[in-house]
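Engineer: Just dropping this structure here.
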Amino acid sequence: QVQLVESGGGLVQAGGSLRLSCAASGRTGSHYAMGWFRQAPGKEREFVAAISPSGASTFYADSVRGRFTISRDNAGSTVYLQMDSLKPEDTAVYYCAQYSGPYYYTTMRVDYWGQGTQVTVSS
């Protein structure tokens, strides 16, 4: 069984920065792609960013490209999301995810989810 635990959420002003972390344990690590999704109240869970098993390739939603950066440590057990130039519309619960295959932009290949961490951006 895989466990994903997010941390680093909080309250920031528009234009500020925040870094989220996802610590993974169990059948996970460098063999699996990892990603971040977010969900605002009353909305569907949406893709934010993903990273390949090796960390060589990254993928971003159009809404965050150029502002957010996904990365992972050398062991592949921790994934990060650096969020810069935050906007009020970035306010959501952010979820770490482990994929079982490609098609990172949807939830259909996500096998495991973290518990979520709240990010609130004030205007």
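Engineer: Can you work out D for the chain in µm² s⁻¹ from Stokes-Einstein, where Rh is the Kirkwood radius over C-alpha pairs, the temperature is 25 °C and the viscosity is 0.890 mPa s?
Structural biologist: 174 µm²/s
Engineer: What is the dipole size for the chain, taken about its Cα centre, with +1 at each Lys and Arg Cβ and -1 at each Asp and Glu Cβ, in debye to the nearest 20?
Structural biologist: 80 debye
Engineer: How much length, in nm to one decimal, is gained on full extension between GLU46 and ASP62, taken as 0.36 nm per residue of separation minus their Cα-Cα distance?
Structural biologist: Between GLU46 and ASP62, full extension yields an extra 4.6 nm.
Engineer: First select every other residue whose beta carbon is under 13 angstrom from the beta carbon of GLY116; then total the charges, Lys and Arg +1, Asp and Glu -1.
Structural biologist: Details: positive: ARG38, ARG45; negative: GLU6.
Here the count lands on +1.
Engineer: Determine the dipole magnitude for region 68-123: charges of +1 sit on the beta-carbon of Lys and Arg, -1 on that of Asp and Glu, nothing else is charged, the reference point is the Cα centre, and the result goes in debye to the nearest 20.
Structural biologist: The dipole of region 68-123 has a size of about 100 debye.
Taken together, the values in this text are just the output of simple stated rules run on the coordinates, not laboratory data. Because the structure is a prediction, the values reported are computed rather than measured. Don't worry about glycine lacking a Cβ; one is built from the backbone with ideal geometry, like all the others, and counts go over all protein chains shown.
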